[in-house]
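What follows is one structure encoded as structure tokens, with my remarks underneath.
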Amino acid sequence: MKSLYIIGTPASGKTALALGLAQKLQKEGFKVAYFKPIGTPSRGGEQSDEDAVLMREVLGMEVPLEVVVPCMIGPSYLSGERCPGALSRIRRAYHEITQNVDVLLIGGALYPYAYTSCGLDDIALAKEWGALVILVVTLESDFSLDQTLFFNRSLSSAGLTLLGNIFNNIPRSLLAKAEGIYRPILEENGYRTLGLIPRRPEIASPTAKEYYEALGGEILAGKDNLGRLVEEVMVGAMTAESALTYFRRSADKAVILGGDRTDVALAALETSTSVLILTGGLYPDLRVISRAQEKGVPLILVQYDTYTTVEKVSHLSRRLRPDDTVGIRIALENVEKYCQWETILEALR
């Protein structure tokens with residue numbers, strides 16, 4: 001039995017990659033299971049990890065969900081008793097879930113360094129099980145490559161077997177740079193690139209519903225269109241005179257602005273807007289509600305100020321669900337088309 005630990009940072013697409021790899025491994029005849037040592041409570045507050053729920057159902061796993069994800073630990077985990085007994089629960093679950101499988105895919109934490117204070121970070125757990133490691137990378141700027149090199153060196157220094165890096169959800173503007181500059185620099189430093197996956201909105205872009213789930217609040221219009229994809233976030237902090245020109249620069253966007261910015265909100269609704277989020281708990285002018293309803297644009301009123309709202313959605317990413325047949329299919333396509341899956345399979349044999 002081989003274990004493959006998939007680590008990365010928020011919104012890098014760790015789960016989508018694990019889902020694609022799991023399907024490909026099954027097609028190649030492997031018995032595959034998924035394990036997430038430490039889960040993250042879902043946005044609705046339920047004590048269940050959405051990634052574990054998805055993978056358990058898609059892979060047809062028969063073990064209980066609490067074995068797939070034995071621990072649920074939040075960001076303030078050092079308050080109180082500090083994850084008592086967590087490592088023992090994780091070890092028992094790992095032993096149970098590895099029975100009668102060929103490959104165990106392990107989902108990393110929100111950050112590779114999370115839970116280091118309790119000795120439960122990704123590096124510590126990967127060493128415990130002698131797991132192979134793939135690092136999933138999301139690109140925003142050259143600093144993303146610096147972060148990748150830093151993580152690669154940390155993994156190698158820890159004595160782990162790093163199979164390679166997969167650049168995931170690459171924006172079109174960075175595709176050529178990833179191939180022509182980032183990949184060679186990694187290779188010069190002795191690290192391998194196993195895939196360059198371009199961004200595909202159908203699997204990478206969150207929906208208006210996911211913005212609502214992350215922020216809560218009240219839906220004032222467009223409730224039937226919460227499935228709209230959001231490609232970009234724009235803040236309505238400009239003057240009313242320049243708003244229309246500014247908003248025309250981007251399509252399929254979320255616009256965040258104060259509920260009292262009536263002229264700016266109306267301007268946003270005249271452009272390609274997927275969701276309009278009004279902040280500060282300020283109930284909007286009825287013209288805004290009426291126009292949003294006409295356009296079919298979800299209109300969400302939240303109590304947070306604009307800065308807090310932007311912070312809460314800054315790392316928001318698409319959450320694949322078991323009934324998302326298109327997203328599940330694309331996850332497999334991405335692995336087969338854009339990754340060196342033969343190299344990964346060979347390492348797992």
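A Förster distance of 41 Å, applied to the separation of the beta-carbon atoms of residue 245 and residue 28, puts the FRET efficiency at 0.20.
What do you get for Rg/Rh of the chain when both radii come from the Cα atoms and Rh is the Kirkwood radius? If you can, show how the numbers build up before the last one.
Details: Rg = 21.5 Å, Rh = 21.5 Å.
Radius of gyration relative to Kirkwood radius: 1.00.
Within a straight-line Cα-Cα reach of under 23 Å, residue 312 can be paired with the following lysines, leaving aside sequence neighbours fewer than 8 residues apart in one chain: 14, 209, 223, 253.
Of the listed residues 349, 56, 183, 153, the order by accessible area with a 1.4 Å probe, largest first, is 349, 153, 56, 183. Projecting each Cα onto the charge dipole of the stretch 206-314 (Lys/Arg +1, Asp/Glu -1 at the beta carbon, about the Cα centre), which of 303, 234, 215 comes out farthest on the positive side? Of the listed residues, the answer is 234.
What's the center-to-center distance, using Cα atoms, between the stretch 203-253 and the stretch 62-131 in Å? One Cα centre to the other: 36 Å.
From the helices alone, meaning DSSP H stretches of at least four residues, give me the mean residue ellipticity at 222 nm for the chain, per-run term -39500 (n - 2.57), in deg cm²/dmol to the nearest 500.
On the way: 15 runs with 138 residues, N = 349.
So the helix-based figure for the chain works out to -11500 deg cm²/dmol.
Taking amide H as placed 1.01 Å from N in the peptide plane, the amide H of residue 258 sits under 5 Å from that of 279, each at least 5 places away or on another chain.
Relative to the 2.2 N^0.38 Å rule of thumb, the stretch 175-240 has a C-alpha radius of gyration ratio of 1.74.
Computed from phi, the 3J(HN,Hα) profile of the stretch 149-163 under the Karplus parametrisation 6.51, -1.76, 1.60 (θ = phi - 60°) reads 4, 4, 5, 4, 5, 5, 5, 5, 5, 7, x, 7, 8, 8, 5 Hz, with x in place of Gly and Pro.
For the chain, the Cβ-based charge dipole about the Cα centre amounts to some 440 debye (Lys, Arg positive; Asp, Glu negative; other atoms uncharged).
Pairs of Cα atoms nearer than 8 Å and 6+ residues apart set the relative contact order; for the chain it is 19 percent.
Quick one: net charge around residue 335, please, counting Lys, Arg +1 and Asp, Glu -1 for every other residue with C-beta under 14 Å from its C-beta.
On the way: positive: 14, 24, 27, 200, 329, 337; negative: 28, 333, 336, 342.
Overall, the nearby charge balance is +2.
Of the residues 259, 269, 281, the one whose Cα sits farthest toward the positive end of the charge dipole of the stretch 243-308, with +1 on the Cβ of Lys and Arg and -1 on the Cβ of Asp and Glu, is 269. Less than 5 angstrom separates the built amide H of residue 5 from those of 106, 132, 133, 134, all sequence-distant by 5 or more or on a different chain. Relative to the longest principal axis of the Cα atoms of the chain, the long axis of helix 14-27 makes an angle of roughly 50 degrees.
Given Cα positions, please report Rg to Rh for the stretch 206-314, the hydrodynamic radius being the Kirkwood one.
Numbers: Rg = 11.9 Å, Rh = 13.1 Å.
Answer for the stretch 206-314: 0.90.
For the stretch 206-314, the antiparallel share of DSSP beta bridges with both residues in that region comes to about 25%.
If contacts are Cα pairs under 8 angstrom and at least 6 residues apart, what is the relative contact order of the stretch 186-250 in percent?
Values: 29 pairs, mean separation 19.5, N = 65.
Dividing the mean separation by the residue count of the stretch 186-250 yields 30 percent.
Dipole magnitude for the stretch 206-314: computed about the Cα centre from +1 point charges on Lys and Arg Cβ and -1 point charges on Asp and Glu Cβ, it is near 180 debye. Applying a DSSP loop filter and a limit of 14 other Cβ atoms within 10 Å to the trypsin sites (Lys or Arg not before Pro) in the stretch 199-252 leaves 248, 249. Computed over protein heavy atoms with a 1.4 Å probe, the accessible surface of the chain works out to 45 Å² per residue.
The values are calculated or read from the model by the stated rules, or taken from the named source; none is laboratory data. Worth saying up front: this structure is predicted, and the values here are computed from it rather than measured. Positions of Cβ are generated from backbone atoms using ideal geometry, with glycine treated the same way; all protein chains shown enter the neighbour counts. With ligands, DNA and RNA removed, areas are computed over all heavy atoms of the protein, side chains included. Shrake-Rupley method; radii C 1.70, N 1.55, O 1.52, S 1.80 Å.
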